[in-house]
Amino acid sequence: MSMTEELRADSLILIADDDATDRQILGQYLTSLGYGLAFATSGREAMEVLRSEPNVALLITDIAMPDLDGIHLLKHVTYSHPRLPIMV
């Protein structure tokens with residue numbers, strides 16, 4: 001089963017990146033493919049989105065971010081959402 005088939009119609013891809021240009025480019029590409037998106041500008045904000053949004057099906061994260069970097073975000077997410085796929 002491909003990633004496209006695994007993502008339900010109501011699911012979201014969470015993009016966690018502090019660089020606005022990177023978020024915009026990746027967001028435009030994924031939107032053009034029909035995916036719903038959520039955004040975070042830091043690791044802490046990504047954790048807040050994951051707590052409040054149950055339909056996140058994939059996390060795409062940057063490594064160097066303020067507050068909580070991508071490595072620490074990975075540690076938190078693999079503990080709190082062990083089945084959530086993550087792309088770095």
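Considering every residue within region 36-49, establish whether at least one is free of Cβ contacts under 8 Å to residues at least 24 places away in the same chain, within 23 Å of Thr78 (Cα to Cα) and surrounded by fewer than 18 Cβ atoms within 10 Å (Cβ to Cβ).
Yes, the conditions are met somewhere in region 36-49.
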Subset of region 56-74 that is modelled with pLDDT under 95 and of a type in the set (D, E, K, R) - its residue that is most open to solvent (accessible area, probe 1.4 Å): Asp67
Taking region 58-88 and keeping only residues that are under 11 Å from the mean Cα position of the chain (by Cα) and within 16 Å of Leu26 (Cα to Cα), one is left with Leu58, Leu59, Ile60, Thr61, Asp62, Ile86, Met87, Val88
Can you name every residue in region 17-40 that is more than 11 Å from the chain's Cα centre (by Cα) and within 19 Å of Asp67 (Cα to Cα)? Asp18, Asp19, Ala20, Asp22
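The values are calculated or read from the model by the stated rules, or taken from the named source; none is laboratory data. Keep in mind it's a predicted model, so treat the numbers as computed, not measured. FYI the Cβ positions are ideal-geometry reconstructions off the backbone, even for glycines, and counts take in every protein chain you see. The protein model used for the area step is the full one, side chains on, heavy atoms only, and it has no ligands, DNA or RNA in it. Shrake-Rupley method; radii C 1.70, N 1.55, O 1.52, S 1.80 Å.
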